[in-house]
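Participant: Take a look at this one; I'll ask things after.
Every number in this text was worked out from the coordinates using simple rules, so none of it is lab data. Here the structure is a predicted model, which means the values were calculated and not measured. Ideal geometry is used to build each Cβ from the backbone, glycine not excepted, and the neighbour counts take in all protein chains shown.
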Amino acid sequence: MKKSFGVLHVLALAVLLFTPLLGAEIQTISLEDATHGDDWSHGPRTTISGIPIISTGKRRATMTFEVTVGAPGGTYQVFLPVVKAFNAAHIGVYFDGELQVEADMFSASNVQHSILITERYIAPGPHTIKVKNLGQKKALGGNNLYIEGLRIVGKEGSGTWRVRVESKEFVFKPAKKEAIPEYDNFLTAALPARAQKEPFSVPEGSVGSDMFSHPLVFVRNIPFLIPNVKNIPETGLADQNPLQVVLANATSEVFLLVWSQIPPHDGDLGPSLPPIAPIDQSERFTIKLTYEDGTTEEMIPFDVRQKRYGLDNGIGLYVLHPDAKKVLQRLAFQDRTYKSSFALVALTCNLDKPISPEVALGGLDAWYPTVNKTPSAAGKGEVSIANGRAVLADGSIELTLDIKDGLKWESLGTPAYQRVVLDDSDLFAVRPADGWIGSSSWKVADAKARQNGVSIVLEYKEKNVNLEAVVKLTLTKNGKIKAGLTLTNRGTEPFLGRVKFPILEGVRLGALEDTWYFIPRSGGAVIHRDEVNVYASHGEQHPLQVESFFNPKEWFVLTLLSNDLDGQFHWYDVGKDDKGGWYNVEYFEKSLKPGGVWTLPECTIAVTPGDWRESFRLYRQWITTWYKPKPAATDWYRKSFVQGFWYQYTNRDFATDVKQVRDVFGYCDGLNAYNWNSREYPKMAGFTFGEYDRTVLWPGFGGEEGLKKKVAEAGVPLSFYTNAILIHNKALHNGVPTKTKQWMGAGPAVHDGLPSYRPCLRIEEWLDYMVAAERWLTREIGAKIVYLDEFGYGARFCYSKAHGHDAPEPSAYGERELTRRIRAAIPDDVVIRSENQPEDIRFQWQDSYYTGALGRSKPAESVPLDLVRFAFPDSKAFNLIYGYSLKDGNWELLKFILFNGSSYGMSRSYDPKSYFEERSILVLRKLFRILHENADAFTSHDVEPLITTELPGVFVNRFRGTEKTVWTVYNANYRTVKGELIQVAHKPGAQYVDLWKDYPVKAQASSGDVATLIVEIGPRDVACITQVNP
């Protein structure tokens, strides 16, 4: 959660958008005072029509104002100023947990508006006001909210409203020893001498700079001896030994005042200038603790004020929690940076009970202990329609629907466990022009029990909408039900609308706090029980068709598979709040002529023993019903782990670049040729977007024959950049105004400063051109990899009614069709790669993808796990996570390539001396060596993500090849972990080694064929363990 703070303002009466009480005092609570998550955007430039606002485009996103009403309270009007807009949603506003207002914020134009939340007497004391995005329930509008703040109008003499905040400012108090309670429980430590010749200096005007005029200070009830500012020890010298403090005490906590000097931005990572602080990864900084018995561990300090791990810029109060069973002998700063420095201002040991606990892993944590519970006896089977209820049960799963008045959920569960608690929500909903029509608003025309299932026919007739819906639910086996929906337009007018199916709301498996979820969104597996809100399209945002809710204590899981083999574009709306979980699949609008039929994919609803791993197993089982493994002709590609990039402005041959990459990094498995199609070079050194044939070759190739020769001499497979959804005006044939007008799909664009447009992927002439271009590049030029830039996202829309498709239509349909046609036109040993992770069913025709998902992941909030790589183990994921320089320890995401057993796209491989330093080169060489030397395991089909482990916060992926098994390990904790990790199949005399650290791993044999691996892994670090047989 993000929390920021502001001040209360008292406004003079002015022109307002509401009528205040007579003789009133008006207060505003600014946006900075709201508690909200990353779903909301706010900053000095966040405005609409020039009005400063905070905004969100995500349904169910919430924002909370926590206030305290001063005595004596009073009668107040509470207003929420907003901006209504053409893309706005419905809003819900709650006061102390009770819904006060629900309103539609849609307006044809942007209009300021004030919502009266409540007008009543409000007692003094704490209160909360929560704003929730309810999404758009009608055809008009969108999913956005624009909030200005909060206004309170109270009569003169009523209590003042104040924001409840917890200060995160650094505050100290001068102190004397005798004035500090329980001073003897603390031990202030002597600091080492300063290594630098120049004295330490505090930046002028810094917070806490006046602390150095006091010999003893009090910070959060902790005493610190403050030294002479000039003598403060500091890291930062190139050849400096670690800054070390000698201790000799059994201490529960070590408190440190650290003055960090960290640059505000990392310019090495490109023009986005990401912040460096907080430094919370072991690649840059840890503190090493050495105990009296000679053992050691490393930690990343916990920021007491910010309540998060990592060092922030300026002065900060941090805490470490040593092993309580050992005597701490010394600690040392392990500073691995050269841009930052860290000064130890003071250190105090707490000799008594801990007073400053850390938070668990700093965010979402997918680890929980495994419980093996044996299901109780199965229940009775039943399929019936009676008394306004439809019942399906086979002894493993039970489902009941309410059909007395429309169609609603009544119950779902399994006799072996507790039932799954659900709201009595609609099973489906349709949205024509006048808003969503839930299945509870339809009329049940017929309901029949049939073999292993039920069939329910519903009708809806209102104005110009005349629809028939047929819902079929079928028991399969082993706790699974198939649910299908078919819509028929029974009216005389065309129908255009969206569908949600299935809908589940208020999901709870046992207690709310024990209800976990599994959401395989791009960039990280979200596995936890905290509140979460995901709304993502099927494709790059959400590539797989599986979700689940589970209870790890009771060991049962509700699995939801959408099973869409037709590729109907849809969004997943899934999450959890204080009411429970929800799951909605929302299908993009479709046009039905009179008599037209829309068949939705038959989804799977399962309640079975297990956790999310069972859901993933069921999903992979479904994949086997339609997916064919890649042909042997492309085996060469599965052993590719390093992809270099070539640019024509280097004026080098392909072979020269390949040799350079191999000389520096040890390996190069392929080369991606960019801007090869720049006929106007050097006048225009970039791409010719929209033309990919022999007429646009870079002159440096020496013509088509010269290009063929250079490809043959490269020594590695090549790909040539192509982009089927961007054409600019330098394309002499496809960028001309007539085609721009006729082919325009997802709209105009500007690329590289040139007027451009995105063509519709239903234009046959354009599709034929792209197929011919890829056929020429592969069959005649010799490319072994087809690269389709920008493909995989799929969520661009063509609104033209002249292209022979429904308007609008998502680009995913054309992307998929063009990929299929290219697959049929190119040789069997050629592979297809897109820029983004596509929707799962596209892997029928393509082999790999570039992905920046790990770069967008938040390792503090989810496990950086590419589940597509595990669902389709013969596909290749080339991670594009760093586009600029890897320097000063800024490569912390590289370890997740190893953790996923994945591959790397090196976009700056053409200039290693400029973009890499010696340390990052060594890390990459080691990474590539491990992947190549263990290719049998990392290219295996027998892979399993996040197997169960014994160490909290430690995650393991398994890769079992024909020759060996490899286990990649990630320690998500902010301190070293030691202990029993997993049990493995053991052979007598076998040994185990961590390939990442090149260090042996202990194994304790518990029987002849089973051993327990005992590990030691540093904070936020990885291991790669394999078995070495005698």
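Participant: Determine the distance separating the Cα centre of segment 436-514 from the Cα centre of segment 925-957; give it in Å without decimals.
Facilitator: That distance is 43 Å.
Participant: Okay, moving on. Using label points projected 7 Å from each Cα along Cα→Cβ, tell me how many nm separate ARG919 and GLN844, to one decimal.
Facilitator: So the two model labels end up 4.9 nm from each other.
Participant: Next question, about the same structure. Let's see if you can work this out: charge +1 on each Lys and Arg Cβ, -1 on each Asp and Glu Cβ, no other charges. What is the dipole magnitude of segment 220-284 about its Cα centre, in debye to the nearest 20? Display every interim value, and only then the final one.
Facilitator: On the way: 3 positive and 7 negative charges, 66 e Å.
For segment 220-284, the charge dipole is close to 320 debye.
Participant: Please work out whether segment 381-623 counts as rounded, prolate or oblate from its C-alpha gyration tensor, where a ≥ b ≥ c are the square roots of the eigenvalues and a/c under 1.5 means rounded, while otherwise a/b larger than b/c means prolate and anything else oblate?
Facilitator: Details: a/c = 1.81, a/b = 1.30, b/c = 1.39.
Oblate, since a/c reaches 1.5 and b/c is not below a/b.
Participant: Only bridges whose two residues both fall in segment 69-177 count here: according to DSSP, what percent of them are antiparallel, nearest 5?
Facilitator: Just about 95 percent of them are antiparallel.
Participant: Here is a follow-up. With a 10 Å Cβ neighbour count serving as the proxy for reagent exposure, in which order, fewest first, do CYS349, CYS1024 appear? Write out the running numbers ahead of the final one.
Facilitator: Values: CYS349 20, CYS1024 24.
Neighbour counts put them in this order, fewest first: CYS349, CYS1024.
Participant: If you don't mind, another one. Go ahead and estimate [θ] at 222 nm for the chain from helices alone: -39,500 (n - 2.57) per DSSP H run with n ≥ 4, summed, over the residue count, rounded to 500.
Facilitator: Result for the chain, helices only: -3000 deg cm²/dmol.
Participant: Evaluate the charge dipole of segment 173-350 about its Cα centre and quote only its size in Debye, nearest 20, assuming +1 on the Cβ of each Lys and Arg and -1 on the Cβ of each Asp and Glu. Mind dumping the intermediate values first?
Facilitator: Numbers: 17 positive and 21 negative charges, 65 e Å.
The calculated dipole for segment 173-350 is roughly 320 debye.
Participant: Summing Lys, Arg as +1 and Asp, Glu as -1, what charge do residues with Cβ under 10 Å from the Cβ of ALA1011 carry, ALA1011 excluded? Working shown, then result.
Facilitator: Values: positive: LYS987, LYS1002; negative: ASP1009.
Net charge in that neighbourhood comes out at +1.
Participant: Quick one: if you take sqrt(5λ) for each eigenvalue of the C-alpha gyration tensor of segment 549-616, what semi-axes come out, biggest first, whole angstrom?
Facilitator: Taking √(5λ) for each Cα gyration eigenvalue gives 30, 14, 9 Å.
Participant: Now a separate question. Can you figure out the FRET efficiency of ASP239 with ALA433, using R₀ = 51 Å and their beta-carbon distance, to the nearest 0.05?
Facilitator: In this case the efficiency is close to 0.10.
Participant: Also: Among bridges DSSP assigns within segment 846-987, what percent are antiparallel (round to 5)?
Facilitator: 60
Participant: Dipole of the chain (Lys/Arg Cβ +1, Asp/Glu Cβ -1, origin at the Cα centre): which of GLY497, LEU898, VAL219 lies farthest to the positive side?
Facilitator: Value computed over the given set: GLY497.
Participant: Moving to a separate point now. For every other residue with a beta carbon closer than 12 angstrom to the beta carbon of ASP911, add +1 if it is Lys or Arg and -1 if Asp or Glu, then tell me the sum.
Facilitator: +2
Participant: A follow-up question, please. Considering amide H positions built from the backbone, and no H for Pro or chain starts, which residues 5 or more places from GLU398, or on another chain, come under 5 Å of its amide H?
Facilitator: Amide H to amide H, under 5 Å and 5 or more residues apart or across chains, GLU398 pairs with GLY413, THR414.
Participant: Using Cα centres only, tell me the gap between segment 979-993 and segment 97-121 in whole Å.
Facilitator: 62
Participant: Under 12 Å Cα-Cα from LYS739, which aspartates and glutamates qualify once same-chain neighbours fewer than 8 residues away are excluded?
Facilitator: Reachable aspartates and glutamates: GLU765.
Participant: While we're looking at this one, here's another question. Could you work out how much longer the chain between ASP424 and LYS176 gets when fully extended? Use 0.36 nm per residue separation minus the Cα distance between them, nm to one decimal.
Facilitator: On the way: separation 248, 0.36 × 248 = 89.28 nm, distance 6.41 nm.
Extra length available between ASP424 and LYS176 comes to 82.9 nm.
Participant: Can you give the % of DSSP beta bridges in the chain that are antiparallel, to the nearest 5?
Facilitator: Of all bridge pairs located within the chain, approximately 90 percent are antiparallel.
Participant: Taking R0 as 22 Å, what FRET efficiency do you get between GLU156 and SER114 from their Cβ-Cβ distance, rounded to the nearest 0.05?
Facilitator: The pair GLU156/SER114 has a calculated efficiency of 0.55.
Participant: For LYS373, go through the lysines and keep the ones whose alpha-carbon is under 20 Å away, minus same-chain ones fewer than eight residues off.
Facilitator: Qualifying lysines at Cα under 20 Å: LYS480, LYS553.
Participant: A follow-up question, please. Would you mind checking which residues have amide H under 5 Å from ARG330's amide H? H placed 1.01 Å from N; only 5 or more apart, or other chain.
Facilitator: Hits under the 5 Å cutoff: LEU247, THR290.
Participant: Would you work out the charge dipole size for the chain about its Cα centre, treating the Cβ of every Lys and Arg as +1 and the Cβ of every Asp and Glu as -1, and quote it to the nearest 20 debye? Mind showing how you got there, number by number?
Facilitator: Details: 115 positive and 121 negative charges, 214 e Å.
About 1020 debye.
Participant: Just add up the charged neighbours of ASP394: K/R +1, D/E -1, any other residue whose Cβ is under 12 Å from the Cβ of ASP394.
Facilitator: Residues near ASP394 contribute +1 overall.
Participant: In whole Hz and in residue order, list the ³J(HN,Hα) couplings for segment 480-492 that follow from phi through the Karplus curve 6.51 cos²θ - 1.76 cosθ + 1.60, θ = phi - 60°; x for Gly and Pro.
Facilitator: Going residue by residue, I get 10, 10, 9, 10, x, 9, 10, 10, 10, 7, 8, x, 9 Hz, with x marking Gly and Pro.
Participant: Hey, which of these cross-link pairs are over 19 Å Cα-Cα: LYS408/LYS477; LYS408/LYS590; LYS197/LYS230; LYS408/LYS472; LYS463/LYS593; LYS168/LYS579?
Facilitator: LYS408/LYS477; LYS408/LYS590; LYS168/LYS579
Participant: For LYS553 paired with LYS978, estimate the spin-label separation in nm (one decimal), with each label point 7 Å from Cα along the Cα-to-Cβ line.
Facilitator: Taking the simple label geometry, LYS553 and LYS978 are separated by 3.3 nm.
Participant: Follow-up. Taking the Cα atoms of the chain alone, what are Rg (to one decimal) and Dmax (as a whole number) in Å?
Facilitator: Answer for the chain, Rg first and Dmax second: 31.2, 90 Å.
Participant: Quick one: Karplus J couplings for segment 331-347, per residue in order, coefficients 6.51, -1.76, 1.60, θ = phi - 60°, nearest Hz, x for Gly and Pro?
Facilitator: Rounded to whole hertz, the list is 9, 9, 6, 9, 8, 9, 9, 10, 8, 10, 9, 9, 9, 8, 7, 6, 9.
Participant: How much length is gained on full extension from LEU273 to GLU933, taking 0.36 nm per residue of separation minus their Cα-Cα distance? Please list the in-between numbers first.
Facilitator: Numbers: separation 660, 0.36 × 660 = 237.60 nm, distance 3.59 nm.
Full extension from LEU273 to GLU933 adds 234.0 nm.
Participant: Once the dipole of the chain is set up with Lys and Arg at +1 and Asp and Glu at -1 on Cβ about the Cα centre, which of THR370, PHE170, PHE549 lies farthest towards its positive end?
Facilitator: PHE549
Participant: Now a separate question. Name the shape class, rounded, prolate or oblate, that the alpha-carbon gyration tensor gives for segment 405-497, where a ≥ b ≥ c are the square roots of its eigenvalues, rounded holds for a/c under 1.5, and otherwise prolate holds if a/b is larger than b/c and oblate otherwise. Intermediate values should be presented prior to the final figure.
Facilitator: Numbers: a/c = 2.68, a/b = 1.86, b/c = 1.44.
Since a/c reaches 1.5 and a/b is larger than b/c, the shape of segment 405-497 is classed as prolate.
Participant: Next question. Exceeding 18 Å between C-alpha atoms, which entries from my cross-link table qualify? They are LYS130/LYS500; LYS58/LYS137; LYS137/LYS500; LYS710/LYS784.
Facilitator: Beyond 18 Å between Cα atoms: LYS130/LYS500.
Participant: Right, next: What residues have an amide H closer than 5 Å to that of TRP161, excluding those fewer than 5 places away on the same chain, when H is modeled at 1.01 Å from N in the peptide plane?
Facilitator: For TRP161, whose amide H was placed from the backbone, the distant partners under 5 Å are GLY70.
Participant: Sorting MET770, MET744 on the 10 Å Cβ count, fewest up front, what's the list?
Facilitator: MET744, MET770
Participant: Stretched out fully, how many nm does the piece from ALA386 to ARG908 gain, at 0.36 nm a residue minus the Cα gap?
Facilitator: So the chain would gain 181.1 nm between ALA386 and ARG908.
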